[in-house]
Amino acid sequence: MNHLHERPDVAGRGEVSRRPDGRLFLSIDTWDDAGFALLAADMLPALPRPLYTVVDEADAELRSRWEAAGFTTRRREWEYVVPTAPGVVPAPAGVTIGPPSDARLLSSAEDVIRAEVEAAVGWPEMPAEILPRPDVPDVGKYVVAESAGGYVGLVRLAAVTRQPRIGLIAVRADRQRTGIGRALLAYVLDMVHHKGIPAASAEVNEANPAAMRLFEGAGARRVGSNLELVLR
């Protein structure tokens, strides 16, 4: 679902889109408070609840506009820059890190991981900017941890100009806290380093301390934060 809304008397527009996790996100692009308020007044009565948006936490003016429209802060996502570096971290015994060779196994691993996340914190707690998942995954965008003929962990990369984004790093619940996540991340940072790219980016929910420790342990530094706001 994508819907654009414009007013002839306002220099700006609003857009509604449905994210891969099924939630509706609203963006309103205007130059001033009055234009924002007019577009919000037009659009909000016709839209279902809950309704979400994402703002740069440093943009206090934009945040105040959304709060005036009734939105409240739901969560914070830290933006990290992760330096690339040569070298790998040994994987646990019986686990091999590398590119996936089987799209079917990759799709199955994503299904299992998504179901585990859904049963735990819920898929909406994943980064709001998570990449859409195609019916047939592009194996060139993944690194996997393989064990006993199946994939027990994975990293998904987004091709962003000059600085790739780590869109998802996940390990199956029964294999967590064994060092697979660190081995996956180190492999990716080594791979990107050898392409001549000095850093990658990532977004981490502040409610996920394990993920923050993983990235900070690899030398990542926080460069900003986004707030996910909700109107219920």
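The values are calculated or read from the model by the stated rules, or taken from the named source; none is laboratory data. On a predicted model such as this, the values are computed, not experimentally measured, just so you know. So basically every Cβ, Gly included, is an ideal-geometry build from the backbone, and we count neighbours across all protein chains shown. We work out accessible area using only protein heavy atoms, side chains counted, and drop any ligands, DNA or RNA first. Shrake-Rupley method; radii C 1.70, N 1.55, O 1.52, S 1.80 Å.
Pick out the one residue from 183, 211 that is touching a strand residue (DSSP E or B) at 6+ places or on another chain (Cβ under 6 Å), under 17 Å from residue 98 (Cβ atoms) and aliphatic (A, V, I, L, M).
183
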Note on the stretch 38-68: residues assigned to a helix (DSSP H, G or I), small (Gly, Ala, Ser) and at pLDDT 95 or above are 60, 64, 68
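Looking only at the stretch 165-187, which residues are at pLDDT 90 or above and within 13 Å of the chain's Cα centre (by Cα)?
Within the stretch 165-187, 165, 166, 169, 170 meet the criteria.
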Any hit, the stretch 48-69, residues being open to solvent by less than 20 Å² (accessible area, probe 1.4 Å) and of a type in the set (Asp, Glu): no
When you go through (1) charged (D, E, K, R); (2) at pLDDT 95 or above; (3) touching a Leu at 6+ places or on another chain (Cβ under 6 Å) one by one for residue 18, which number turns out not to apply? (2)
For residues that are more than 22 Å from residue 119 (Cβ to Cβ) and out of contact with any helix residue (DSSP H, G or I) (no Cβ under 8 Å at 6 or more places or on another chain), scanning just the stretch 150-177, find the one that is surrounded by the most Cβ atoms within 10 Å (Cβ to Cβ). 165
Scanning for something at pLDDT below 90, over 19 Å from residue 88 (Cα atoms), surrounded by fewer than 17 Cβ atoms within 10 Å (Cβ to Cβ) and out of contact with any Ser or Thr (no Cβ under 7 Å at 6 or more places or on another chain), does the stretch 140-148 turn up at least one residue? yes
Considering 42, 21, 33, which residue is within 19 Å of residue 232 (Cα to Cα), touching a helix residue (DSSP H, G or I) at 6+ places or on another chain (Cβ under 9 Å) and either loosely packed, with under 12 Cβ neighbours inside 10 Å or not polar (S, T, N, Q) (or both)? 21
Here are some conditions: (1) buried (at least 20 other Cβ atoms within 10 Å of the Cβ); (2) modelled with pLDDT of 95 or more; (3) within 26 Å of residue 73 (Cβ to Cβ); (4) not polar (S, T, N, Q). Residue 216 meets all but one. Which one does it not meet? (1)
Positions within the stretch 21-37 being out of contact with any strand residue (DSSP E or B) (no Cβ under 6 Å at 6 or more places or on another chain) and either of a type in the set (D, E, K, R) or assigned to a loop (DSSP other than H, G, I, E, B) (or both), in sequence order: 21, 22, 31, 32, 33
Per the filter on the stretch 69-102, residues within 18 Å of residue 182 (Cα to Cα) and part of a strand (DSSP E or B) are 80, 81, 82, 83, 96, 97, 98
Which members of the stretch 37-52 meet the condition of being more than 13 Å from residue 27 (Cβ to Cβ) and not hydrophobic (A, V, I, L, M, F, W, C)? 42, 45, 48, 49, 50
